[in-house]
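Asks: Handing you this structure, nothing more for now.
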C-alpha cells in the first residue's frame, strides 16, 4: 500500500514537473515572439511620426499626432508606389524564369541518362560558392556592353543566375526520392518524356518548387547591391533603392521613409501568413528529401 502511494506521488510529481516545463516553454516562446514582433510594431509607430517626435525623445512611444499623411506622401511624392510595381515585376519574372529553368534542368540531370550529368550538376552546385560581391564588376561590364543597364533585364538575369544553383540543389535531392517506376509505367502507356514531366513529375515536385520560390522571393525582393549599381533611371528603380533615395542631402523626412519600409514589408508578412506552413517546411525540405 505504501509503495502504491509512493508511485502515485511520483507520477503526480512527474506530471507537475511536465506542466511546469510546458508553461515555462510557452512563456519563453511568448517572450521570443514579442522580441521578434516588436521591431515591426516599432516600425509602424515610426512611420506615423514626424521628425519632431522622432528626434524629440518620443522614438519608442506612441505618436502624439498620428501622421497618416506619411503614407500618401511616400506613395505620391516619394514614388514608392512605382518602386513597388518595379520590384513586383522583377521578383515575379525572376521566380517564374528560375522555377522553369530549375525544374527542367534538375529533371534532365536526375532522370535522363547522359555522360556528363554528374559533372553538370557539380558545376551548378559550385555556383553556390561564388560570392555575389565578386561578380559585381564583371556583371556591370557585361551588362554595359550589351546595353542592358537601366532595364529590368539587368536585374532579372543576375537574380535568375544566382537562384538556379540553390534551386537545383533542393530539387535534385527531391527528385531522387521519387520512384522511377511512375515514369516507366507512363512510358509503357505511350506517354512522351514531355508529358511524363508535365503530368507526373511536375505535380509531385510542387512542394519543392514552392520552397525554391520562397527563397528566390526573399533574396530578390530585399536585394540592394545589384539594384543600386545597375539601375540609375528613377522610373525603374526597385523598392529598396527607391526608399534609400528618399533621404535628402540637407534634410530628411524620416516618417515617409518609415511608411515606405512598412509598405515594403507588407508582402513578406502576407506571404508568411498565407503560406506559413510551407515556409516552415522550406527550412527542412532540402535536408529531408536529400
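The values are calculated or read from the model by the stated rules, or taken from the named source; none is laboratory data. What you see is a predicted model; the values in this text were computed from it and never measured. As a convention, Cβ positions derive from the backbone with ideal geometry for all residues, glycine included, and neighbour counts pool all protein chains shown.
Asks: Please go through region 191-233 and give me each residue that is assigned to a loop (DSSP other than H, G, I, E, B) and touching a residue at least 60 places away in the same chain (Cβ under 8 Å), ordered by number.
Replies: The answer is 205, 223, 231, 232, 233.
For every residue, the table says whether it meets (1) within 21 Å of the chain's Cα centre (by Cα); (2) modelled with pLDDT of 85 or more; (3) under 30 Å from residue 138 (Cβ atoms).
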| position | (1), (2), (3) |
| --- | --- |
| 168 | yes, yes, yes |
| 178 | no, no, no |
| 188 | no, no, no |
| 191 | no, no, no |
| 219 | yes, yes, yes |
| 230 | no, yes, yes |
| 239 | yes, yes, yes |
| 256 | no, yes, no |
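Asks: For residue 93, are the conditions met, namely being touching a residue at least 12 places away in the same chain (Cβ under 8 Å), out of contact with any helix residue (DSSP H, G or I) (no Cβ under 6 Å at 6 or more places or on another chain) and at negative phi?
Replies: It is false that residue 93 is touching a residue at least 12 places away in the same chain (Cβ under 8 Å), out of contact with any helix residue (DSSP H, G or I) (no Cβ under 6 Å at 6 or more places or on another chain) and at negative phi.
Asks: Now, a different point. Would you pick out the residues in region 40-60 that are in contact with a helix residue (DSSP H, G or I) (Cβ under 8 Å, 6 or more places away or on another chain) and assigned to a loop (DSSP other than H, G, I, E, B)?
Replies: Within region 40-60, 48, 49, 50, 59, 60 qualify.
Asks: Taking residue 37 as the residue in question, decide whether it is surrounded by 11 or more Cβ atoms within 10 Å (Cβ to Cβ), in a helix (DSSP H, G or I) and at pLDDT 85 or above.
Replies: no
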